[in-house]
1. Report Rg/Rh for the stretch 1-158, rounded to two decimals, where Rg is the Cα radius of gyration and Rh the Kirkwood radius.
2. Using the Cα centre as the reference, give the magnitude of the dipole from point charges on the C-beta atoms of the stretch 41-145 (Lys, Arg: +1; Asp, Glu: -1; all else neutral), rounded to the nearest 20 debye.
3. Grab the Cα-Cα distance for GLU249 and ARG26, subtract it from 0.36 nm times how many residues apart they are, and report the gain in nm with one decimal.
4. Once Lys and Arg get +1 and Asp and Glu get -1 on their Cβ, which of GLN65, GLY78, ALA35 lies farthest toward the positive end of the dipole of the stretch 24-103?
5. Which of the peptides 241-252, 145-156, 60-71, 43-54 is most tightly packed, and how do the rest follow, judged by the mean count of other Cβ atoms within 10 Å per residue?
6. Applying the Karplus parametrisation 6.51 cos²θ - 1.76 cosθ + 1.60 with θ = phi - 60° to the phi angles of the stretch 24-29, what ³J(HN,Hα) value in whole Hz is obtained for each residue in order, glycine and proline being reported as x?
7. Please compute the modelled spin-label separation between GLU49 and THR206, points set 7 Å along Cα→Cβ, answer in nm with one decimal.
8. In the stretch 159-209, what GluC sites (Glu not before Pro) fall in a loop by DSSP, with at most 13 other Cβ atoms inside 10 Å?
Amino acid sequence: MLLEVLQGTEAGGFILIQDSVNYCGRHLLKSCINAALKREEVVHVLGFEVSQEELNDGLDKTSAQRLHFHNAYSDPLGWTGNSPFTVHQFTLEDIGTLLKQTPQAKAVTLVIDSLSWILRHHDPAAICQKLQALKKGGVVRAVIGLLHSDLHQRGTVGSICHLATSVITVAPGTRGLGAFAKITRRTKSGKLMQDEEIFSINEDLTVTIQSKRSHPGSTPMNTDESEVDPTANLTFNLRLSDTQREAKEKLPLPFVFRSQHFCTRAPVQDGSFTSLMPMMIMTRRILMTTLMSRGQATSHVEHSSLQLMPLLDIYMPETTIIAWVPA
């Protein structure tokens, strides 16, 4: 995936290279510049950290006329008053003025070396807005930035990474073999792809992939590896055996509903009967409804009903108390 990102086939992309004090990502940045020059693109470099001579070292000499270096290295803060470019000129208007130096260019790539210099002197939210405008405004074909992630807070780094279409995090390789790159790429459809590769940079700034380790977001994992069973070392069974399943099917329910309002008891295996509480509660409700619906009840019925109420409360208790007053 690293070679695909370096090819830069998608327009409107923002490639972010993250490095740290353990490994410098400027060689990979120069590889991106060299690849863009070989695609006959015009490259504008905002150089804050290295001189033009150091940046041009190793680049394609035949494409030097398409490389425009804007010197912000000699006086990045503009203290002398005659600096070609300063950190305070990182605005859409000033960048547009720089890009007008090549009005006939069809594809322009903007390289920022590095974003850490700009973030130290600007509000991170304002920088994110400007990068988003450069991405979507059609002023440049692609933006490539170098960011020293260990110089900023995690929230600032996360905001810049969220804007990028491709994030390349570089680190030193194990046993001195090449360098390690973790690539996170977001396609136009919104799909997120990740990959990890061991690479090396040749003298002509071409990148060679030495080994590759895939992730579920990019390509399928190796199917030869044995899958781990999460239920292998449990102290209990999650499944029923045939004997247990047969015994479960033969076990009767505590009570079986016969209709919408009634239920009846069901025998269990030891010959006893389950509780008659549901049937008693339902019978109490029906009896109370019948007694309360009689508006012209006789004194005998009223007397019998009132005598029956304590018995219903004892044998058929219910959480809701229903008071019955004869008409």
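Throughout, read-outs are computed from the coordinates displayed, never taken from laboratory work. Nothing here was measured: the structure is a model prediction, and the numbers come from that model. Heads up, the Cβs are rebuilt from the backbone with ideal geometry, glycines too, and the neighbour counts pull from every protein chain shown.
1. With Rh from the inverse mean 1/r over Cα pairs, Rg/Rh is 0.93.
2. Charge dipole of the stretch 41-145: 520 debye, to the nearest 20.
3. 73.2 nm
4. Result: ALA35, furthest along the dipole toward the positive end.
5. Taking the mean over residues of other Cβ atoms within 10 Å, the ranking is 43-54, 145-156, 60-71, 241-252.
6. Result, ordered by residue: 8, x, 5, 5, 5, 4 Hz.
7. Result for the modelled spin labels: 2.7 nm.
8. GLU203
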